[in-house]
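Working notes for the structure below.
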Amino acid sequence: MKRKRLIAAAAVCLVLAFTAGIWAVKYRASQIKLSDNSVHVTARYTEYDPKSEACERLVQLTEEELFREDNTAVFKGTVSEIRNVDLRFNRAKSYCAIAEIKVEKVYRGPCGVDSTVAVMIPTGHIDVNAQPKKTLLGTVSAMRVGMTGIFMPYMFDENSVWEENGAKLSKRDLAEYGFGDCTRFAFLETKKGLLFDRNTYESMADAEELGEIEEYVQDMIRKTS
């Protein structure tokens with residue numbers, strides 16, 4: 001009887017060790033390698049965490065002011081991948097997501113047609129398994145793989161730094177671009193219609209097709225350049 005118990009205990013230990021080994025391998029595989037420009041911060045890909053969603057305080061800008069931002073790229077593209085990221089700034093937890101977008105048409109900026117660019121969504125995770133809808137994260141929370149839209153992200157440079165809790169993340173370690181906020185820099189084609197922040201873009205509040213937005217974007221770039 002005692003021998004059977006020892007065998008059973010040993011089997012349990014082997015299962016636990018095997019499970020722990022698999023978890024450790026998966027954890028290491030999910031880690032994102034950061035450059036020396038990021039200090040006291042770690043990043044890893046992870047599953048959606050509902051605690052990640054948070055409201056933003058938006059600086060009030062007119063439509064013209066949004067388009068006068070010289071370091072924004074403006075392009076039409078299709079979302080090819082979305083991955084959620086957990087960040088630890090000296091162990092203080094923060095969240096973001098990275099969307100990969102295949103560029104189909106460029107209105108402004110250096111990205112090329114048929115290139116795929118990575119764009120940081122700065123304030124939380126995206127629930128990619130839920131029905132697309134606008135949540136606390138704003139318009140971009142409705143982004144899903146296969147969705148087409150017009151996007152206006154900022155181009156990251158050496159000064160694009162996220163500082164928190166005495167730690168520093170070079171944003172370019174995660175993506176080439178980032179949305180200035182999660183509400184005003186994307187126009188999305190969804191199955192339920194065109195989704196964008198109609199309160200910000202009052203002149204286009206009645207738009208129903210992405211083609212209308214395309215004409216508007218081109219006109220605004222001409223006016224503000």
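Values in this text are rule-based calculations from the coordinates and carry no lab data. For clarity, every value in this text was computed on a predicted model and none was experimentally measured. Backbone-built Cβ (ideal geometry, glycine too); neighbour counts: all protein chains shown.
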So what J values fall out for region 65-78 if you push phi through Karplus, 6.51 cos²θ - 1.76 cosθ + 1.60 with θ = phi - 60°, rounded to Hz, Gly and Pro as x?
5, 5, 7, 7, 5, 5, 8, 9, 8, 10, 8, 9, x, 10
For the pairs LYS105/LYS133; LYS93/LYS171; LYS33/LYS191; LYS51/LYS102; LYS102/LYS168; LYS51/LYS105, note any where the Cα-Cα span goes beyond 27 Å.
LYS33/LYS191; LYS51/LYS102; LYS102/LYS168; LYS51/LYS105
Compactness index (Cα Rg / 2.2 N^0.38 Å), region 97-191
1.09
Cα-based Rg (one decimal) and Dmax (whole number) for region 122-175, in Å?
13.9, 38
In nm, to one decimal, how far is the modelled label at GLU104 from the one at THR116, with both set 7 Å along Cα→Cβ?
1.7
